[in-house]
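Heads up, the thing below is written out as structure tokens.
The values are calculated or read from the model by the stated rules, or taken from the named source; none is laboratory data. What you are looking at is a predicted structure, and each value in this text was computed from that prediction instead of being measured. Glycine also receives a Cβ, built like all others from the backbone with ideal geometry; neighbour counts cover every protein chain displayed.
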Amino acid sequence: MEIPYTVTARPDTGLWNAKIGIWLFLASEVMLFGGLFSSYVFLRVGADYPWPVHELGVVPGFINTFVLIFSSVTVVFAWAYLKMRQYAKYQFCMALTLLFALGFLGIKSYEYYGKFNHWAVQLPDGSVLDGHHPKHKIDFHEVTALNVDLRTSEVGFLAGAGADVNVNFKLPDGTIAEGYKVALKRLRESADKGTARITIEGPPLKLAADRRKVASYLGTELTFRDGTRAEGKLINDALRLEVSGFDLRQVKGLKDNLDAGDGAMVWKYLGEENRQAFLKQKQDVLTKFEQDKNEGKAKDDPSRRLPQTYGEIMRKAFKGVHLGTDPKAHAHMEVTVPASEVRFFSNYSPHLNTYYAIYFLMTGLHGLHVIGGALVLGHFFFFGRRIYDKNPEHLANRVEVGGLFWHFVDLVWIFLFPVFYLL
């Protein structure tokens, strides 16, 4: 059975079937992304905290913009060469399109990698320490007993927490099992589902538990997320971070007082030298605004609202804008923050704030569209010869439909780039 109107136009619409279908599909896509862009606008306008601006590196986004634009051009050339029945040139242009798609995904993966490896520690006053390579282990020593929930406990979690598990565990029935895995396996084989207490025969355990695997802890008790509870002694729960910058835009009272950041808690860890350098830079900015205002070059009064330039001073990365007298000495500073002063701790992922949640949602969804479009165009590149030999016009129509989707993907990025990278 032959499907009608795959090459010739329908008499009622003047278009062949696939072209009608792709336009209907793109209309639904416009509604999807239109809703997401509208949500972003409402979230930004209604935010009751300083909305993150200029968080993303402009250069990777700018390069990706041109990568997609060039790919839209090459896919048009690929279609044009098919119409002219020049298959070799079609393959060359389609190969370029696919290379551009891979390049776009590679650059976006590089951006994502940087965000997931960049961490923020918010202190009680709202100030933030930026950095890398966090070490948030909870040192819990003198562990003499474990209360294991057999319904939820994960085999080998102690080894993942950095503990030496080559010790003997005394089971409730009085027998001895060497190693936590063996002990847990024997418990599961012999005991009813529930909580079992096992004691340690020999030197007490020393745990360096990953904070992400810990549900709660006290001075003598530590509970993992899988329900296992350790009895021992808390030694240290501080967070260590290689600091590479700071952010004072969310300091309490900053809206009403531009000097609120002068005594922020971050200076406790960054030192007086860096604080004095910050105060000098801040004063230079305010002086420049005052001069511009007096000369009629600036309409905004910096004493009444937080100018964008002032906001940039409130967030600094040591790399590029060094504080202190010795740039190399301040490029990375390892600090130790007590757990009592860690109000919030996260990498630059959707968990950090609303901005990054919608950023990863929209760019991730767009990335999936890039992958889907590249798979379709790749199919035409690798297996198009069979269609071309049978009916060249049929392949040209298919490439045209794939190209329309690819142009839409490009158009969405044209909106995503300024919204997230420039505004």
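Considering only residues that are more than 41 Å from the chain's Cα centre (by Cα) and free of Cβ contacts under 8 Å to residues at least 24 places away in the same chain, which ones fall in region 376-398? Write out each step before concluding.
The initial filter retains those residues of region 376-398 that are more than 41 Å from the chain's Cα centre (by Cα), namely 386-394.
Listed by number, the residues that qualify are Arg386, Ile387, Asp389, Lys390.
Every residue, every condition in (1) of a type in the set (Val, Ile, Thr); (2) at pLDDT below 90; (3) buried (at least 18 other Cβ atoms within 10 Å of the Cβ), yes or no:
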residue	(1), (2), (3)
Leu352	no, yes, yes
Tyr359	no, no, yes
His366	no, no, yes
Gly373	no, no, yes
Asn391	no, yes, no
Arg398	no, yes, yes
Gly403	no, no, yes
Trp406	no, no, yes
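Restricting to region 241-260, name every residue that is at negative phi and loosely packed, with under 15 Cβ neighbours inside 10 Å.
Once the filter is applied, which keeps residues that are at negative phi and loosely packed, with under 15 Cβ neighbours inside 10 Å, region 241-260 yields Lys252, Lys255, Asp256, Asn257, Asp259.
How many residues are buried (at least 20 other Cβ atoms within 10 Å of the Cβ) and closer than 24 Å to Phe417 by Cα when one looks only at region 337-350?
Total satisfying the criteria: 1.
Can you name every residue in region 242-270 that is in a loop (DSSP other than H, G, I, E, B), in contact (Cβ under 8 Å) with a residue 60 or more places away in the chain and among the small types (Gly, Ala, Ser)? Steps first, please.
Narrowing region 242-270 to residues in a loop (DSSP other than H, G, I, E, B): 248-259, 264-266.
Pick out the ones that are also in contact (Cβ under 8 Å) with a residue 60 or more places away in the chain and you get 248-252, 254, 264-266.
Of everything in region 242-270, just one residue is in a loop (DSSP other than H, G, I, E, B), in contact (Cβ under 8 Å) with a residue 60 or more places away in the chain and among the small types (Gly, Ala, Ser), namely Ala264.
Might you let me know whether region 180-190 holds any residue that is part of a loop (DSSP other than H, G, I, E, B), surrounded by 14 or more Cβ atoms within 10 Å (Cβ to Cβ), assigned by TED's automatic domain parsing to the domain that holds Gly232 and at pLDDT below 80?
Residues of region 180-190 part of a loop (DSSP other than H, G, I, E, B): none.
The answer is no, given that none of the residues of region 180-190 is part of a loop (DSSP other than H, G, I, E, B), surrounded by 14 or more Cβ atoms within 10 Å (Cβ to Cβ), assigned by TED's automatic domain parsing to the domain that holds Gly232 and at pLDDT below 80.
Tell me, yes or no, whether region 153-172 has at least one residue that is touching a Gly at 6+ places or on another chain (Cβ under 7 Å), closer than 17 Å to Lys213 by Cβ and at pLDDT 75 or above.
The initial filter retains those residues of region 153-172 that are touching a Gly at 6+ places or on another chain (Cβ under 7 Å), namely 153, 165-168.
If we keep only those that are closer than 17 Å to Lys213 by Cβ as well, we get 153, 165.
Subsequent filtering for residues that are at pLDDT 75 or above retains 153.
The answer is yes; a qualifying residue exists.
Can you go through Ala80, Ala47, Ala88, Ala101 and tell me which one is small (Gly, Ala, Ser), within 30 Å of the chain's Cα centre (by Cα), in a helix (DSSP H, G or I) and not assigned by TED's automatic domain parsing to the domain that holds Lys255? Spell out how you get there, then give the answer.
Numbers: Ala80 fails: within 30 Å of the chain's Cα centre (by Cα); Ala47 fails: in a helix (DSSP H, G or I); Ala88 fails: within 30 Å of the chain's Cα centre (by Cα).
Answer to the check: Ala101.
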